[in-house]
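Enquirer: Provided herewith is a single structure, encoded as structure tokens, for subsequent inquiry.
What follows is calculated from the coordinates using simple rules that are stated; it is not laboratory data. What you see is a predicted model; the values in this text were computed from it and never measured. We place every Cβ from the backbone using ideal geometry, glycine too, and count neighbours over all the protein chains shown.
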Amino acid sequence: MLFLLSLLASVARLVSVDASPTIQLGRTTLVGLDITLLQLDFFGGIPFAEPPLGNLRLQPPVPKALPDPGTLDASSFGPACLQTDLPLSAMSEDCLTINVFRPRGTPADAKLPVMFWTYGGGFDEGSSTIYNGSAIVAQSVARGTPLIYVNFNYRLGPLGFPQGQEADSKGALNLALKDQLAALKWVQLNIGTFGGDKDKVTVFGESAGAIMTSILFLNSPIDTLARGAIFESGSQATAALFTPERREIDWQNFVSGVASCASKATSGSTFGCLRNANTTEIFAGLSTAMADATELFPWDPVIDGPGGLIPDLPSVLFNRGQFARLPFIAGTNQDEGTIFTTEVINSTEEVLESFVNMSSPSVSPTTLQTSVQKLLQLYPDIPTLGSPFNTGNNTFGLSSQFKRTAAIAGDLDFQSQRRLWIETAANAGVATFGYLFTQPQPNGPPEDGVFHGSEIPFVYGAPSDNSTSALTISRLMIEYWVSFATSLTPNDGLGIPRPEWTQFTPENKAVIQLNGANLTMIPDNYRAAQMDFINSNPVIWRH
């Protein structure tokens, strides 16, 4: 995130204000920002939903009516939603805003394709401000396939993903997913005014953003809101899915930190009080909940039952054929598990303990323990087999159990789920393309390898180092992404010459290796036995 903030600052230095672009949205005039050197228009901080405050707190989003008539300053991003990694002054609960980057002076009848980004951050941090789509739009223009880039903010932590029995009984689950749907519906209603084509929307995101986007493929109207998708390091069950009651204690911790509601924390009736609390109190509750959390990510999406966005485990829905049939790209980074693995782990017992906390009422402790033991057999304590991969016997001054655990975590949560998703879709005749990002990260900690999230700067045109290899793969990744967004194939034959990215099919299970020094198709069979075992027992792993 710090890197991306510096990326934003560097792009901002390219901005100079000329005549401010304007858009007439209904009877409201939006006054944007002219990004002169890149020949782009920016319109930001546009509210797509009413502020989720008071009686609207812990409710699904309500579409926002703009001033009528009136003028809206749309020259900057809106504030971030509440989270613990930013000062309160940089955030607001009135954060449900959307941003648009477009080629300069795009006419309303241009009907340009649209790329719609959902940021990641573990469901408890992140902001659209960090993701400046200028480089993507500028390269789309340079290659002759101009498009519009859109991103937005969604509620985070307990405000976006309430947990516990009360949230379940009140139907207040997965609110951030509903924020995402509300933003997509705003695009359908309004992007034509900016020169976009509502029928040519590609949804894409990374980590939590990819998870959220892929969840919309289960039981939402996504096929009326988009025509394709790109999933970077995230599938429907990357965050193991449980019912909301499992994290009741996290909700109670949150409420106990809200001073005026602390006495009601265990009452099962907290919503009324929380709706009367002020934002400072809510922020204090969030800080308490994060400090007391027993899991790294306590505010994940939850199974919300029949009629919900996640009516059952994805594997169950896949077996029923219950998923949207939109073309997509799905990929992962080589070492997804490293940054989620504690560096002090140093025994098999600790490895075992780190994976048996996934228990649920549907799986007996004995079954889970047996399965984890099998997992340990498939991932032996041999440094050459561990993650970061392809680093031989080097353990970077850590216990060999670190590389072992990182390999398991990366495959359990990311690699196996990407493989299950793409195989399921391909078997149903969906046009799919897979990737494995292996570009070295010389400026990152060596024990992290090609870590989770390391592809993002490359997609946004600011690779993490200035080597020829890094600059090359960044440009080509944008080429592939833009080609897919404009033509539903990464191989449109336009722009910078690049190797063909062959479609993943039941007969051709291959993914492209995204590496500036070795950009090539590879078989999607790495660690096949391990991932076959994981995907053969999806209920155990809450997949």
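Enquirer: Extending each Cα 7 Å along its Cβ direction at Asp109 and Thr367, get the distance between those two points in nm, one decimal.
Expert: In this crude spin-label approximation the distance works out to 6.2 nm.
Enquirer: List, in order, the whole-Hz ³J(HN,Hα) value for each residue of segment 380-389 obtained from phi through the Karplus relation with A = 6.51, B = -1.76, C = 1.60 and θ = phi - 60°; use x for Gly and Pro.
Expert: Ordered by residue, 3J(HN,Hα) equals x, 7, 10, x, 5, 9, x, 10, x, 6 Hz.
Enquirer: Could you please state, rounded to a whole Å, how far the C-alpha centre of segment 43-104 is from the C-alpha centre of segment 281-358?
Expert: Measuring centre to centre over Cα atoms gives 27 Å.
Enquirer: For segment 392-468, what Kirkwood radius comes out of the mean inverse Cα-Cα distance, in Å?
Expert: Details: mean 1/r = 0.0674 Å⁻¹.
Radius from the Kirkwood sum: 14.8 Å.
Enquirer: Rounded if a/c is under 1.5, else prolate if a/b is larger than b/c, else oblate: which is segment 370-430, with a ≥ b ≥ c the root eigenvalues of its Cα gyration tensor?
Expert: Details: a/c = 3.49, a/b = 2.01, b/c = 1.74.
It comes out prolate by the Cα gyration axes.
Enquirer: Would you list Asp300, Asp492, Asp109 from fewest to most Cβ contacts within 10 Å?
Expert: Neighbour counts put them in this order, fewest first: Asp109, Asp492, Asp300.
Enquirer: What length, rounded to one decimal in nm, is gained on full extension from Asp199 through to Ser467, with 0.36 nm per residue of separation minus their alpha-carbon distance?
Expert: 92.6 nm
Enquirer: Among Thr424, Thr370, what is the fewest-to-most ranking by other Cβ atoms within 10 Å?
Expert: Thr370, Thr424
Enquirer: Of the options Tyr379, Ser454, Pro440, report the single residue whose Cα projects farthest towards the positive end of the charge dipole of segment 371-497 (beta-carbon charges: Lys, Arg +1; Asp, Glu -1).
Expert: With unit charges placed on the Cβ atoms, the residue in question is Tyr379.
Enquirer: Give, rounded to the nearest 20 debye, the magnitude of the charge dipole that the chain has about its Cα centre when Lys and Arg contribute +1 at Cβ and Asp and Glu contribute -1 at Cβ.
Expert: Roughly 1080 debye for the chain.
Enquirer: If each DSSP helix of 4+ residues adds -39,500 (n - 2.57) and the sum is divided by the residues in the chain, what number results at 222 nm, nearest 500 deg cm²/dmol? Can you show the working numbers first?
Expert: Values: 17 runs with 171 residues, N = 543.
Helix-only estimate at 222 nm: -9500 deg cm²/dmol.
Enquirer: Under 23 Å from the Cα of Lys198, which lysines turn up, not counting those fewer than eight places away in the same chain?
Expert: The reachable lysines, counting only those whose Cα sits under 23 Å from Lys198, are Lys64, Lys111, Lys178, Lys185.
Enquirer: How do His452, His543 rank when sorted from fewest to most other Cβ atoms within 10 Å of their own Cβ?
Expert: Details: His452 27, His543 24.
By the 10 Å Cβ count, ascending: His543, His452.
Enquirer: Could I ask something else about it? Which percent, to the nearest 5, of DSSP beta bridges fully inside the chain are antiparallel?
Expert: 40
Enquirer: Say each of Asn394 and Ser487 gets a label point 7 Å from the Cα, pointing the same way as Cα to Cβ; how far apart are those two points in nm?
Expert: Those two pseudo-labels are separated by 3.9 nm.
Enquirer: Here is a further query. For segment 217-371, what does the alpha-carbon gyration tensor say about shape, rounded, prolate or oblate, given a ≥ b ≥ c as the root eigenvalues, a/c under 1.5 as rounded, and a/b over b/c as prolate?
Expert: It is oblate, given that a/c is not under 1.5 and a/b is not larger than b/c.
Enquirer: HN-Hα J couplings of segment 26-32 from phi, Karplus 6.51/-1.76/1.60, θ = phi - 60°, integer Hz, Gly and Pro as x?
Expert: Running phi through 6.51 cos²θ - 1.76 cosθ + 1.60 with θ = phi - 60° gives x, 9, 9, 9, 8, 10, x Hz.
Enquirer: Relative to the present Cα-Cα distance, how much length would full extension add between Asp381 and Val539 at 0.36 nm per residue of separation?
Expert: Additional length available on full extension: 54.3 nm.
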